[in-house]
1. For segment 10-18, does any single residue satisfy the condition of being in contact (Cβ under 8 Å) with a residue 12 or more places away in the chain and over 19 Å from ASP78 (Cβ atoms)?
2. Applying the selection to segment 7-49, what residues are closer than 15 Å to SER64 by Cβ, surrounded by 15 or more Cβ atoms within 10 Å (Cβ to Cβ) and at pLDDT below 95?
3. Taking the criterion of being farther than 27 Å from GLU5 by Cα and either in a strand (DSSP E or B) or under 14 Å from the mean Cα position of the chain (by Cα) (or both), would at least one residue in segment 48-55 satisfy it?
4. Which residues, taken from segment 14-39, are among the hydrophobic types (A, V, I, L, M, F, W, C), within 22 Å of ASP86 (Cβ to Cβ) and not in a helix (DSSP H, G or I)?
5. Which ones in segment 67-77 are over 12 Å from ILE37 (Cβ atoms), in contact with a helix residue (DSSP H, G or I) (Cβ under 8 Å, 6 or more places away or on another chain) and not hydroxyl-bearing (Ser, Thr, Tyr)?
6. If the requirement is being outside any loop (DSSP other than H, G, I, E, B) and on the phi > 0 side of the Ramachandran plot, which of these qualifies: VAL97, VAL42?
7. Please enumerate the residues belonging to segment 61-93 that are of a type in the set (Val, Ile, Thr) and outside any helix (DSSP H, G or I).
8. Do we find that SER58 is surrounded by 13 or more Cβ atoms within 10 Å (Cβ to Cβ), assigned to a loop (DSSP other than H, G, I, E, B) and not hydrophobic (A, V, I, L, M, F, W, C) in this structure?
Amino acid sequence: MTAEEEALKERVVEAIKQVYDPEIPVDVFELGLIYDIKVFPVNNIYILMTLTSPSCPSAESIPSEIEQKVREVEGVSDVSLELTFDPPYSTEMMSEVAKLELGFM
């Protein structure tokens, strides 16, 4: 990954960190819902993510909000977002920041 792509990926992560699960006071990145972020040629962004559960009440709003925030990042040409439940989400995927915030540590 070039330095430019790395910088773009960092800006994408910052944009994703503005999105919160409405039921949990932690952003979706720290919650561990983002499995992968790739920067493809011409600054097309691919995001592989999950939700806390397949029946999550925010199943439609969270991915669309993430896509919207990433599209607003300067330099992003296009966004492709894939939702997966493999592997299933678990609290082990949370960052230490999220675990502290939610009292898991």
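1. Yes: one or more hits.
2. TYR20, ASP21
3. Yes, that holds for at least one residue.
4. Across segment 14-39, the qualifying residues are VAL19, ILE24, VAL28, PHE29, LEU31, LEU33, ILE34, ILE37.
5. LYS69, GLU72, GLU74, GLY75
6. The match here is VAL42.
7. VAL73, VAL76, VAL79, THR84
8. Yes: the conditions hold for SER58.
The values are calculated or read from the model by the stated rules, or taken from the named source; none is laboratory data. Quantities reported herein were computed from a predicted structural model and do not represent experimental measurements. Counting neighbours? That spans all protein chains shown, and the Cβs are built from the backbone with ideal geometry, glycine included.
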